[in-house]
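Structure first, then comments.
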Amino acid sequence: KEMSKSEGKMPVDMSVLMGANVANEVAKGDFAEATIGCTDLSIGALWVKLFNTPDFKVDAVQDVAGAELCGALKNVVALGAGFCDGLGFGGNTKAAIIRIGLKEMQSFCQVFYGSREIKGETFLESCGVADLVTTCFGGRNRKCSEIYAKCIVAGAPKSWDVIETEELNGQKLQGTGTAKDVMTCLKQAGKESEFPLFTAIYKIAFEGLPPGDIIKING
């Protein structure tokens, strides 16, 4: 089971709903998808029956950890996509960042969560590549990192806290905190060189690396 309340208590069978389903678009009735990460597909089928509608397609995967990790790690990649937008790079560059980011997401899961038996096909579900794409084009992390890069280029840098306060109307960035957590893992394992995009994003966000160095990850 995925979670226990406390030692000696009964385990809780937890499922998660993740995916490319930006709330305001779902509220409008735009077609969207979601992924149920579950411990058992029979349980996932119950959630699918509950949530699936003609304009909200829901599929289940027996991979709670994989669905959750996709939902966290895509926000780091979105920072990189925003840096690209802030620097005026085109579709080729952004597509490359998304593709490299997806590979590093998969590698990170394999290296640090290999015991959780995360499935490769999870990354092809809505919680994986689809959520990554929509977040890299329309999410709050992309928006704020675009502003961050533009401000640096203009010679008037702003901190993440200031950008968050000015732009998100009380919402919070997820990518910056996750980038710190990811880098903690990479440093402790001595694996920064194996994750050049994640490392560059962290250094741009927190160590003063120029945003333009996002494209210097090819050796």
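The values are calculated or read from the model by the stated rules, or taken from the named source; none is laboratory data. Everything numeric in this text was worked out from a predicted model, so none of it was measured. Neighbour counts are summed over all protein chains in view; Cβ atoms, including those assigned to glycine, are modelled from backbone coordinates with ideal geometry. Accessible surface areas use protein heavy atoms only, side chains included; no ligands, DNA or RNA. Shrake-Rupley method; radii C 1.70, N 1.55, O 1.52, S 1.80 Å.
How many residues does segment 183-203 contain that are touching a residue at least 40 places away in the same chain (Cβ under 8 Å) and touching a Phe, Trp or Tyr at 6+ places or on another chain (Cβ under 6 Å)?
So the count comes out to 1.
Quickly run through segment 183-211 and pick out the residues that are closer than 20 Å to Tyr148 by Cα, surrounded by 15 or more Cβ atoms within 10 Å (Cβ to Cβ) and among the hydrophobic types (A, V, I, L, M, F, W, C).
First pass over segment 183-211, keeping only residues closer than 20 Å to Tyr148 by Cα: 183, 197-211.
Still in the list and also surrounded by 15 or more Cβ atoms within 10 Å (Cβ to Cβ): 183, 197-205, 209, 211.
Within segment 183-211, Met183, Leu197, Phe198, Ala200, Ile201, Ile204, Ala205, Leu209 meet the criteria.
Grab the helices (runs of 4 or more DSSP H) fully contained in segment 114-173, keeping just those with 1 or more residues being in contact (Cβ under 8 Å) with a residue 60 or more places away in the chain, within 23 Å of Pro210 (Cβ to Cβ) and polar (S, T, N, Q).
Values: elements: 131-138, 140-153, 160-167.
In segment 114-173, 140-153 are the helices (runs of 4 or more DSSP H) which contain 1 or more residues that are in contact (Cβ under 8 Å) with a residue 60 or more places away in the chain, within 23 Å of Pro210 (Cβ to Cβ) and polar (S, T, N, Q).
Does at least one position in segment 100-123 carry a residue that is more than 30 Å from Gln188 (Cβ to Cβ), open to solvent by 40 Å² or more (accessible area, probe 1.4 Å) and not aromatic (Phe, Trp, Tyr)? Spell out how you get there, then give the answer.
Applying the first criterion (more than 30 Å from Gln188 (Cβ to Cβ)) to segment 100-123 yields none.
So far as segment 100-123 goes, no, none of its residues is more than 30 Å from Gln188 (Cβ to Cβ), open to solvent by 40 Å² or more (accessible area, probe 1.4 Å) and not aromatic (Phe, Trp, Tyr).
List every residue pair whose Cβ atoms sit under 6 Å apart, with the two residues 6 or more apart in sequence or on different chains, where the first one lies in segment 71-91 and is touching a residue at least 40 places away in the same chain (Cβ under 8 Å) and the second, anywhere, is in a helix (DSSP H, G or I) and acidic (Asp, Glu).
Lys74/Asp131; Gly82/Glu146; Asp85/Glu146; Gly86/Glu146
Just the residues that are in contact with a Lys or Arg (Cβ under 9 Å, 6 or more places away or on another chain) and part of a loop (DSSP other than H, G, I, E, B), please, taken from segment 174-197.
Selection gives Gln174 alone.
Output the residue which, of all residues in segment 4-38 that are of a type in the set (Ser, Thr, Tyr) and surrounded by fewer than 17 Cβ atoms within 10 Å (Cβ to Cβ), is nearest to Gly128 (Cα to Cα).
Taking segment 4-38 first, the residues of a type in the set (Ser, Thr, Tyr) are 4, 6, 15, 35.
Imposing the further condition that a residue be surrounded by fewer than 17 Cβ atoms within 10 Å (Cβ to Cβ) reduces the set to 4, 6.
Details: Ser4: 26, Ser6: 31 Å.
So the residue we want is Ser4.
Can you tell which of Ile147, Ile214 is more than 13 Å from the chain's Cα centre (by Cα) and either surrounded by 21 or more Cβ atoms within 10 Å (Cβ to Cβ) or among the polar types (S, T, N, Q) (or both)? Spell out how you get there, then give the answer.
Details: Ile147 fails: either surrounded by 21 or more Cβ atoms within 10 Å (Cβ to Cβ) or among the polar types (S, T, N, Q) (or both).
On inspection, the qualifying residue turns out to be Ile214.
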